[in-house]
Amino acid sequence: MFKRIIQAISSDSHRDRTYVLMYHSISPSIADPWNIYVDPTAFEKQVLFISQHFRPISLEQILEKRSGKSPSILLTFDDGYEDNYLTAKPILEKYGLPAIFFI
């Protein structure tokens with residue numbers, strides 16, 4: 001799914017847009033009937049790719065309407081899972097990516 005999303009927003013015709021990627025849980029494979037988790041290893045690969053190919057931005061930057069030469073991506077986390085703080089936050093900090101956590 002991540003690869004399809006990235007392919008769709010990587011085209012030249014979408015350079016001035018801002019995209020929001022929404023995550024829920026960053027944890028190893030669990031019994032999850034809604035399939036809303038991402039494995040931590042896969043998440044770190046996604047964050048690394050985003051940091052190398054896109055312009056991750058904060059909510060403040062969206063509100064200030066800053067534009068750039070590459071598509072902007074805002075990362076959000078819904079539902080306030082504990083693993084957002086314990087797993088996702090350290091990975092985001094490692095690569096310097098901002099994110100919004102909705103608790």
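The values are calculated or read from the model by the stated rules, or taken from the named source; none is laboratory data. Please read all numbers here as calculations on a predicted model, not as lab measurements. All Cβ positions, glycine included, derive from the backbone under ideal geometry; neighbour counts span all protein chains shown. Remember, those area values only see protein heavy atoms, side chains included, never the ligands or the DNA or RNA. Shrake-Rupley method; radii C 1.70, N 1.55, O 1.52, S 1.80 Å.
Here's a check for you: in the stretch 93-103, which residue that is modelled with pLDDT of 90 or more and assigned to a loop (DSSP other than H, G, I, E, B) is least open to solvent (accessible area, probe 1.4 Å)?
Looking at residues that are modelled with pLDDT of 90 or more and assigned to a loop (DSSP other than H, G, I, E, B), I get LEU97.
Conditions tested, residue by residue: (1) within 17 Å of LYS3 (Cα to Cα); (2) open to solvent by less than 40 Å² (accessible area, probe 1.4 Å); (3) among the acidic types (Asp, Glu).
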{"site": "LEU21", "(1), (2), (3)": "yes, yes, no"}
{"site": "PRO28", "(1), (2), (3)": "no, no, no"}
{"site": "GLN46", "(1), (2), (3)": "yes, yes, no"}
{"site": "GLN52", "(1), (2), (3)": "yes, no, no"}
{"site": "SER58", "(1), (2), (3)": "no, yes, no"}
{"site": "GLU64", "(1), (2), (3)": "no, no, yes"}
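Among residues of the stretch 19-33 that are touching a residue at least 12 places away in the same chain (Cβ under 8 Å), those with a Cβ under 7 angstrom from a residue that is open to solvent by less than 20 Å² (accessible area, probe 1.4 Å) and part of a loop (DSSP other than H, G, I, E, B), sequence gap 6+ or separate chain, pair up as TYR19/PRO71. For the stretch 20-50, filtered to residues that are part of a helix (DSSP H, G or I) and touching a Pro at 6+ places or on another chain (Cβ under 8 Å), the residue that is modelled with the highest pLDDT is PRO40.
Scanning the stretch 85-92 for residues that are free of Cβ contacts under 8 Å to residues at least 60 places away in the same chain, open to solvent by less than 30 Å² (accessible area, probe 1.4 Å) and not acidic (Asp, Glu) turns up at least one hit. Condition first: at pLDDT below 90 and of a type in the set (S, T, N, Q). Can you find one or more residues in the stretch 69-90 that meet it? Yes: one or more hits.
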